1. Count, please, the residues in the range 313-357 that happen to be in a loop (DSSP other than H, G, I, E, B) and crowded, with 16+ Cβ neighbours inside 10 Å.
2. Give all pairs with beta carbons closer than 9 Å in which a residue from the range 83-111 that is on the phi > 0 side of the Ramachandran plot meets a residue that is polar (S, T, N, Q); count only pairs at least 6 apart in sequence or on separate chains.
3. Quickly run through the range 104-121 and pick out the residues that are under 12 Å from Phe161 (Cβ atoms), out of contact with any Ser or Thr (no Cβ under 7 Å at 6 or more places or on another chain) and assigned to a strand (DSSP E or B).
4. Within the range 293-310, does at least one residue satisfy the condition of being part of a loop (DSSP other than H, G, I, E, B), out of contact with any helix residue (DSSP H, G or I) (no Cβ under 9 Å at 6 or more places or on another chain) and of a type in the set (Lys, Arg)?
5. From the list Leu232, Leu182, Leu195, Leu268, exactly one residue is touching a residue at least 24 places away in the same chain (Cβ under 8 Å), in contact with a Gly (Cβ under 7 Å, 6 or more places away or on another chain) and surrounded by fewer than 24 Cβ atoms within 10 Å (Cβ to Cβ). Which is it?
6. Could you name every one of the helices (runs of 4 or more DSSP H) located completely within the range 122-197 that has at least 1 residues being modelled with pLDDT of 95 or more, out of contact with any strand residue (DSSP E or B) (no Cβ under 8 Å at 6 or more places or on another chain) and of a type in the set (Lys, Arg)?
7. May I ask you to say which residue of Ser52, Ser39, Ser47 is at negative phi, of a type in the set (Gly, Ala, Ser) and assigned to a loop (DSSP other than H, G, I, E, B)?
Amino acid sequence: MTPFVLLINYVIFNMSNFHISETALLQRFDALKRQMGLSAQSAEELSVWQASLRIKLRDLLGIDHLTVTPPNARVTETVQCKGYRRERVEIDTEPGVTMSLYILIPDGVTHAPAVIAAHGHDSAGKLTVAGVADNPDVAARITTYDYNYGEVAAQKGYVTFCPDARGFGERRESLSQGADQLFNSSCHQLAHMALPLGLTVAGMWAWDLMRLIDYVGTRPECAGQPVACIGLSGGGLQTLYLSALDERVACAVISGYFYGVKDSLLVLSGNCDCNYVPHLWENVDMGDLAALIAPRPLLFETGRQDPLNGARGVENVLEQYEITSKAYRLSEAQTRLDIDIFEGPHKWHGAKVWAWLARYLG
């Protein structure tokens, strides 16, 4: 028998005794999870817990390392569309960092509530959400995911803000700026650069949206009006963190991004880098993050066939929904929480969204 065959036989014989790290990491999750999870038994305890967890969350996300700067807003383009005017605007969110966004202003509207429409992956940034469908690939994604919910919000009468998140659209970083990479993101590059500096992609996204709310308050069309945030997938991630941290968000809709992290982000560990925050899972799960939004109105959407829910599907979602529901019960705000579980894949549904926003924004 040759040395090579002997080696192969040795490897095969010993595979049954070989242990990879995945099992150990799953066990570690079970041992350490949710050390700051919701355990309040009264409205007063809930309020104290929320305040404490917000401080911890800002620390884990690295938000307190970022620096406020004046928005220095500049309008660079105005286009009249059917039923609304679209402005391309740039604002500064920290020194040396610029956010590009579209603002959709309904015709005839002089003062109305504001909606921030956050995009997810495979979106070309703000283009799909704002319904800018000149590119056939953008049009195809709008059809596949019902991705133009920002445009629909404007058609419903809301002043709608559709920003590019860091690493998307016009804000793609150096490794993904090619013309053929319009639908790619720079989350991987940003995470590798940010994590050793005490920052996270999710934290930078939340920060940018906080600074966008600052700017929203300066716009005459919506100054003094309530602000909602809505988003699909990675836009749901942005909506979740922003609404959990910033109580200026009066109403939130999170679509395709609400599930237990063990099934959906630890077992499904190949998901995008933007999902991963050091030490987060030792402290909380998604239901705890959403509990920070109570008692403000919060609507979830999830498709029964959405693979991101994990192997157990909607059961993985409902376990987290029960955690969040407890916060709304303690707040005596049960009617301000709802979930739309629909037959379908990972996409924006919208069946309950517009009545929900009308109810709570006016």
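1. 9
2. Between residues of the range 83-111 that are on the phi > 0 side of the Ramachandran plot and residues that are polar (S, T, N, Q), the close pairs are Gly83/Gln155; Gly96/Thr69.
3. Of everything in the range 104-121, those that are under 12 Å from Phe161 (Cβ atoms), out of contact with any Ser or Thr (no Cβ under 7 Å at 6 or more places or on another chain) and assigned to a strand (DSSP E or B) turn out to be Ile105, Ala114, Ile116.
4. No: zero hits.
5. Leu268
6. The qualifying helices (runs of 4 or more DSSP H) are 136-145.
7. Ser39
The values are calculated or read from the model by the stated rules, or taken from the named source; none is laboratory data. Note that the structure is predicted; figures quoted are calculated from it, not measured. Neighbour counts are summed over all protein chains in view; Cβ atoms, including those assigned to glycine, are modelled from backbone coordinates with ideal geometry.
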